[in-house]
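Following: one structure in structure tokens, then a few remarks.
The values are calculated or read from the model by the stated rules, or taken from the named source; none is laboratory data. Just so it is clear, the structure is predicted and the values come from calculations on it, not from any experiment. As a convention, Cβ positions derive from the backbone with ideal geometry for all residues, glycine included, and neighbour counts pool all protein chains shown.
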Amino acid sequence: MMPRNPGNGMSDRPILIIGGAGFIGSNLAAHVARGGRRVRIYDDLSRPGVDRNLAWLKREHGPLVDVRIADIRERTKLESAVRGAEAVFHFAAQTAVTTSLVEPRQDFEINAGGTLQVLEALRALDQPPPLVFTSTNKVYGCLPDLPMRIEGRRWSPVDDVLFARGIDERRPLEFRTPYGCSKGCADQYVLDYAQSYGLPATVFRMSCIYGPRQFGTEDQGWVAHFLIRAIEEAPITIYGDGRQVRDILFVDDLVDALVRAWRNIGALRGRAFNIGGGCRNTVSLLELLEMISQLRGRAPEVAFEGWRAGDQRYYVSDTSAFAQATAWRPRVSPRAGIEALYGWLVEQRHALALAGVIHA
Ligand SMILES: NC(=O)c1ccc[n+]([C@@H]2O[C@H](COP(=O)([O-])OP(=O)(O)OC[C@H]3O[C@@H](n4cnc5c(N)ncnc54)[C@H](O)[C@@H]3O)[C@@H](O)[C@H]2O)c1
């Protein structure tokens, strides 16, 4: 079957999503396809479980989904994939700090080298399309200079302004851990290509994103991981004291932000934005455990271990720069989002068990 033509004046050129079978990529792909637009997924399916996302996308939106199974490091395949794209979202990455410490070279080759490959493929085009790249809050390091105090089950900044607003883009960069270095390097390359070559590119420095289609593990995606462990009735290991605070952002709100970034690329090009749930959507690990207890009617089993390298006691994004530029704001509260993800995991439990994501 031929792809549907939007028939409403919209371009029929595909939206390229590199890493499009992953958690964020598949959610964006579904959103784009629901709007009647074509998506091109470029992914090597190296993340366990993401083939299920791809199968779901093809089932739901078959004719609109063009799939390229390839590694971001395969230059000619990537060059072919960017040709004709209306916009490019680059999500493919080695995503875990822990793995980066074990395999720093591979982490660098995928995250830094792979991103340079994307930029070079775009630079070669006569009219490069908008590029949105997902960086991380880890580019700001461990934030050791920010005084914190314990308030019940969470760390909290002593400084009232920081407490009220979160961390903005003026925060100095400080790359920690190989993952922080490789993503930070990529982040800087994207911004530089916007300056040096005029690429219409922008960077999201993201806090914790969560939602359906996330196959969280102990190494990455802690909200989904905690829920999966609770459903498996297996113990959850907390590294550190569990009072670490993050601003969590439900994936639908992120998808909204990604689309706004593409649509407003003229104003956003060459800029990096801190993106997360912001001050109104924060949760500590201990607070998430409490929510899980309420959802399930009993407390999950918990074990404590030492702090992990590069872990921040407190990270909350100040998203006001992006909000001002695009009128975006997160709409889903942590409680509603966590209930939605929990419901999805329970509903998918048998399918996820077959895929080895959940141990039933
Ligand atoms: N999820 C979060 O909380 C979060 C936070 C900050 C930043 N990020 C960044 O957002 C992006 C997407 O994250 P996600 O949670 O969707 O991760 P994910 O692992 O679900 O998705 C990444 C996708 O990239 C693919 N991939 C990995 N290496 C590849 C390679 N060499 N070639 C081609 N494809 C490859 C994987 O198979 C996977 O489908 C990543 O760049 C990540 O660093 C995510």
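Details
- Residue selected from segment 33-69 under the condition over 19 Å from the mean Cα position of the chain (by Cα), of a type in the set (Lys, Arg) and closer than 24 Å to residue 353 by Cα, by the criterion nearest to the ligand (Cβ to nearest atom): 58
- Filter result (more than 8 Å from the ligand (Cβ to nearest atom) and either within 24 Å of residue 140 (Cα to Cα) or touching a Gly at 6+ places or on another chain (Cβ under 6 Å) (or both)) within segment 206-227: 216, 217, 218, 219, 222, 223, 224, 225
- Checking each residue in segment 152-178 for being touching a helix residue (DSSP H, G or I) at 6+ places or on another chain (Cβ under 8 Å) and under 17 Å from residue 244 (Cβ atoms) picks out 153, 154, 156, 157, 167, 176, 177.
- Residues (of a type outside the set (Asp, Glu), over 18 Å from the mean Cα position of the chain (by Cα) and within 12 Å of residue 224 (Cα to Cα)) located in segment 331-350: 342, 343, 344, 345, 346
- Filter result for the condition that a residue is hydrophobic (A, V, I, L, M, F, W, C) and not in a helix (DSSP H, G or I), over 267, 309, 257: 309
- Test: residue 28 is among the aliphatic types (A, V, I, L, M), out of contact with any Gly (no Cβ under 6 Å at 6 or more places or on another chain), within 14 Å of the ligand (Cβ to nearest atom) and more than 23 Å from residue 260 (Cβ to Cβ): no
- Leading residue by the ranking (nearest to the ligand (Cβ to nearest atom)) among those in segment 128-183 that are touching a strand residue (DSSP E or B) at 6+ places or on another chain (Cβ under 9 Å) and of a type in the set (Asp, Glu): 169
- Elements of type helices (runs of 4 or more DSSP H) contained in segment 48-129, each with 3 or more residues being surrounded by 20 or more Cβ atoms within 10 Å (Cβ to Cβ): 50-61, 75-82, 114-123
- Residue match in segment 118-134 (condition: touching a helix residue (DSSP H, G or I) at 6+ places or on another chain (Cβ under 8 Å) and at pLDDT below 95): no
- Residue match in segment 70-92 (condition: away from the ligand (no atom under 14 Å from the Cβ) and within 26 Å of residue 357 (Cα to Cα)): no
- Selection status of residue 292, of a type outside the set (Asp, Glu), touching a strand residue (DSSP E or B) at 6+ places or on another chain (Cβ under 9 Å), outside any helix (DSSP H, G or I) and surrounded by 18 or more Cβ atoms within 10 Å (Cβ to Cβ): no
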